[in-house]
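Peer 1: One structure follows; several queries about it will come next.
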Amino acid sequence: RKEVEQDPGPFNVPEGATVAFNCTYSNSASQSFFWYRQDCRKEPKLLMSVYSSGNEDGRFTAQLNRASQYISLLIRDSKLSDSATYLCVAFYNQGGKLIFGQGTELSVKP
Amino acid sequence: DAGITQSPRHKVTETGTPVTLRCHQTENHRYMYWYRQDPGHGLRLIHYSYGVKDTDKGEVSDGYSVSRSKTEDFLLTLESATSSQTSVYFCAISDPTSGGADEQFFGPGTRLTVL
């Protein structure tokens with residue numbers, strides 16, 4: 001079992017739709033979590049940090065459920081520019097290591 | 001964007017040749033990392049450094065070595081490249097001494113093809 005698991009998608013949604021991505025992690029020692037966005041053939045870029053139960057940034061909301069070892073990312077009012085792969089990431093304090101999920105591909109259509 | 005550069009950006013080499021990839025940062029961050037990204041595997045940690053001359057192995061370190069003689073530079077060496085090392089390599093930096101700074105910031109990547 002992978003340490004961080006995501007539905008790879010692809011998720012194909014129309015502009016304006018609300019879409020949710022789920023992620024589970026297996027190591028309860030994970031300290032904090034992140035969502036990264038990666039465009040095709042580019043480097044991952046930090047989208048949101050999730051340190052406590054969750055946080056919101058504009059159209060994006062991330063939630064963390066430590067009891068269920070589950071993280072989610074909600075995108076409201078999807079834009080064409082939201083098309084990318086979204087990486088769920090768990091942080092382990094030892095060595096400052098990040099463990100990446102395989103990513104969920106999102107395609108927003110006109 | 002964080003000041004991270006990688007060189008070369010693209011490289012094609014032959015099996016058995018040595019290859020060195022360079023990561024350079026201008027942020028004075030303490031931690032530096034090398035990852036590889038492959039379809040079906042996502043990003044996997046190869047080696048990381050927590051200070052000058054301080055390095056440790058990651059998940060997929062076999063066939064790779066690293067060196068960090070200066071804060072700003074982290075080198076990844078493939079002593080004898082194999083076709084299984086064809087991949088996209090990303091460098092990342094972080095600075096845990098900064099407030100809330102578990103985040104890592106990535107360089108633009110190096111596409112390596114081993115024929």
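Peer 1: For B:E72, only one of the following conditions fails: (1) more than 10 Å from chain A (Cβ to nearest Cβ); (2) more than 22 Å from B:S7 (Cβ to Cβ). What is its number?
Peer 2: (2)
Peer 1: When you go through A:Q6, A:Q38, A:Q31 one by one, which is the residue that is polar (S, T, N, Q), within 11 Å of another protein chain (Cβ to nearest Cβ) and more than 14 Å from A:T104 (Cβ to Cβ)?
Peer 2: Exactly one of A:Q6, A:Q38, A:Q31 is polar (S, T, N, Q), within 11 Å of another protein chain (Cβ to nearest Cβ) and more than 14 Å from A:T104 (Cβ to Cβ), namely A:Q31.
Peer 1: Looking only at the range A:66-110, which residues are of a type in the set (S, T, N, Q) and either within 14 Å of chain B (Cβ to nearest Cβ) or closer than 15 Å to A:V19 by Cβ (or both)?
Peer 2: Residues satisfying the conditions are A:S72, A:S78, A:S81, A:S83, A:T85, A:N93, A:Q94, A:Q102, A:T104, A:S107.
Peer 1: Moving to a separate point now. Which numbered condition in (1) open to solvent by less than 60 Å² (accessible area, probe 1.4 Å); (2) on the phi < 0 side of the Ramachandran plot; (3) not in a strand (DSSP E or B) is the only one that B:E27 fails?
Peer 2: Against the list (1) open to solvent by less than 60 Å² (accessible area, probe 1.4 Å); (2) on the phi < 0 side of the Ramachandran plot; (3) not in a strand (DSSP E or B), B:E27 comes up short only on (1).
Peer 1: Consider the range A:30-84. How many of its residues are hydroxyl-bearing (S, T, Y), closer than 15 Å to A:V4 by Cβ and open to solvent by less than 70 Å² (accessible area, probe 1.4 Å)? Break it down into steps so the answer makes sense when it comes.
Peer 2: Looking only at the range A:30-84, we keep the residues that are hydroxyl-bearing (S, T, Y), and these are A:30, A:32, A:36, A:49, A:51-53, A:61, A:68, A:70, A:72, A:78, A:81, A:83.
From what is left, the residues that are closer than 15 Å to A:V4 by Cβ are A:30, A:32, A:36, A:68, A:70, A:72.
Filter again for open to solvent by less than 70 Å² (accessible area, probe 1.4 Å), leaving A:30, A:32, A:36, A:72.
Total satisfying the criteria: 4.
The values are calculated or read from the model by the stated rules, or taken from the named source; none is laboratory data. All figures in this text were calculated on a predicted structure; none of them were measured in a lab. Quick reminder, even Gly has a Cβ in these numbers, built from the backbone with ideal geometry, and neighbours come from all protein chains shown. Protein only, heavy atoms only, side chains kept; ligands, DNA and RNA dropped before computing areas. Shrake-Rupley method; radii C 1.70, N 1.55, O 1.52, S 1.80 Å.
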